[in-house]
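Participant: Here it is: the structure, laid out below.
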Amino acid sequence: MREPRICCLDLDTFFVSVERLLDPSLCAKPVVVGGPRGGGGVVVSASYEVRAFGVRAGMSIRDASKLAPADAVFVSGHHDEYMRYSRGAREIVERYSPIVIAASIDEHYIDFRGCERLYHRAQDVDGDATILRVVREITGAIDAELGLPASAGIATSKSMAKVASGLAKPHGVLLVAAGTEEATLAPLGVRKLPGIGPVAEAKLAALGIATLGQLVATPERTLRPIFGAYTTAICRAARGLGADEIGRERPAFREYDPHGEYVGSISNERTFVETSPEATSAVLCGLCERVCSRARRRGVIAGCVTLKLRYTDFHTITRARTIAPTSVDTELHRVVLELYREMRTRPLSIRLLGVALSRLRLDATQLVLFDAGDRRVRAVDQVREKYGYDAVHLAMTLGRRRR
């Protein structure tokens, strides 16, 4: 059985780093991203220079203004630039592994299980050395091509990789070898473990528990009033025995789709492990739902659709087709399936699919004269607006999630 090798790659002080690329005069200065000094916003990111004064992400801008030094620079941020740099980092990471999951705009989990032979070089003494070298190549490429510092942790479980990533900061790479997890975690403060927040930390401190080693030595029955049903999972993670799967994709942000914006294109991609034709069709259906929902949010219809397909050997092809202007997912799905069947000419599995809408124009009808199909679309949008995007999906998309 292949040993799990999970990497947690974190773009260091991502928002601050992007702001410094946009304005080099911010380099080496204390920087707070989130809003103007004294404003009513929340700190999104803080540079290491200002963290020394107690400023942290999630803190109100007003509180941060009181703690930050007089020369601290407060910026509101550049949403579109963050997305552009995040996509750039994702594209670099995807050169190295067939399985990449976004945990947030600045954090990705990479599954290197079984990749040792693929990347082995003569100088690598073992599989650990191979993966460590590859991850250093990734962080180096992100720095060289985008100018962004990144840290990474590699371990046999997701939670351990996350901890290792934190220990590697800033701009470092740390591999925790199999069998050394508990010894690595033992001297660390309890807050270093994902899942333990400030409230739990205070309750543990009241019991005299400050480190993960002390937590592991404490009977579960003593910890149950603090962690409840999660007690066993927390104790396992504190020993480095967390889950060895990287989980599901999470959107970094709700896409930026201002109403009436018809310049450019609307696109979404999904990296996945192809298991069956039905699963692939479901991914395509989900992508059609997403781009059409975004088009309707903008109030536009599209006259062209492009399908992007990437095989597991990283060979990528795209094909576009002119369509009758639409923003209805079921209509688009039929066209996308036809494109897919034409493009699917190799026996290799698929690792990435993407759907893009272009030739956008304003939808003059706005579903005023709607038929039964349009009523469904209108109802779906209303449900999503109230309860969130995942509140309702086409049956084919939901079938993939149930599996």
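The values are calculated or read from the model by the stated rules, or taken from the named source; none is laboratory data. Keep in mind that this is a model prediction, so the values were computed, not measured. When we count neighbours, we look across all protein chains shown, and the Cβ atoms used for this are built from the backbone with ideal geometry, even at glycine.
Participant: Among the listed residues 88, 77, identify the single one that is in a loop (DSSP other than H, G, I, E, B) and either surrounded by fewer than 19 Cβ atoms within 10 Å (Cβ to Cβ) or in the same structural domain as residue 150 (by TED's automatic domain parsing) (or both).
Facilitator: Working: 88 fails: in a loop (DSSP other than H, G, I, E, B).
Sole residue among the options that is in a loop (DSSP other than H, G, I, E, B) and either surrounded by fewer than 19 Cβ atoms within 10 Å (Cβ to Cβ) or in the same structural domain as residue 150 (by TED's automatic domain parsing) (or both): 77.
Participant: OK, next. Just to be sure I understand the filter: pairs with C-beta atoms under 6 Å, separated by 6 or more residues or on different chains, first member in the range 113-136 and without any contact (Cβ under 8 Å) to a residue 40 or more places away in the chain, second member polar (S, T, N, Q). Which pairs pass?
Facilitator: Listed pairs, sorted by first residue: 119/130; 120/130; 124/130.
Participant: I'd like to know if the range 199-220 contains one or more residues that are outside any loop (DSSP other than H, G, I, E, B), hydrophobic (A, V, I, L, M, F, W, C) and at pLDDT below 90. Let's see the steps before the verdict.
Facilitator: Initial filter on the range 199-220 (outside any loop (DSSP other than H, G, I, E, B)): 199-206, 211-216, 220.
In the following step, the residues that additionally are hydrophobic (A, V, I, L, M, F, W, C) were identified as 199-200, 202, 204-206, 212, 215-216.
Add one more test, that the residue is at pLDDT below 90, and what stays is 199.
For the range 199-220, residues outside any loop (DSSP other than H, G, I, E, B), hydrophobic (A, V, I, L, M, F, W, C) and at pLDDT below 90: present.
Participant: Continuing with this model, one more query. Identify the residue in the range 333-389 that is under 17 Å from residue 302 (Cβ atoms) and part of a loop (DSSP other than H, G, I, E, B) and, among all such residues, is modelled with the highest pLDDT.
Facilitator: Checking each candidate, the answer is 363.
Participant: Considering only residues of the range 15-64 that are of a type in the set (Ser, Thr, Tyr) and outside any loop (DSSP other than H, G, I, E, B), which is surrounded by the fewest Cβ atoms within 10 Å (Cβ to Cβ)? Before the answer, list the steps.
Facilitator: Restricting attention to the range 15-64, the residues satisfying the condition of being of a type in the set (Ser, Thr, Tyr) are 17, 25, 45, 47-48, 60.
Restricting the remaining residues to those that are outside any loop (DSSP other than H, G, I, E, B) gives 17, 25, 45, 48, 60.
On the way: 17: 24, 25: 8, 45: 24, 48: 13, 60: 15.
Restricting to residues being of a type in the set (Ser, Thr, Tyr) and outside any loop (DSSP other than H, G, I, E, B), the top hit is 25.
Participant: Let me ask something additional. List the pairs whose first member sits in the range 278-298 and is not assigned by TED's automatic domain parsing to the domain that holds residue 332, whose second member is at pLDDT below 90 and surrounded by fewer than 23 Cβ atoms within 10 Å (Cβ to Cβ), and whose Cβ atoms are under 7 Å apart, counting only residues at least 6 apart or on separate chains?
Facilitator: none
Participant: For residue 153, state whether it is over 15 Å from the mean Cα position of the chain (by Cα), in a strand (DSSP E or B) and touching a residue at least 24 places away in the same chain (Cβ under 8 Å).
Facilitator: Working: over 15 Å from the mean Cα position of the chain (by Cα): yes; in a strand (DSSP E or B): yes; touching a residue at least 24 places away in the same chain (Cβ under 8 Å): yes.
When the stated conditions are applied, residue 153 passes them.
Participant: Step by step: first the residues of the range 157-186, then only those that are touching an Asp or Glu at 6+ places or on another chain (Cβ under 6 Å) and polar (S, T, N, Q), then the one that is surrounded by the most Cβ atoms within 10 Å (Cβ to Cβ). Which residue is that?
Facilitator: 165
Participant: Just checking, which of 271, 280 is buried (at least 17 other Cβ atoms within 10 Å of the Cβ) and modelled with pLDDT of 80 or more? Break it down into steps so the answer makes sense when it comes.
Facilitator: Details: 271 fails: modelled with pLDDT of 80 or more.
Exactly one residue qualifies, and that residue is 280.
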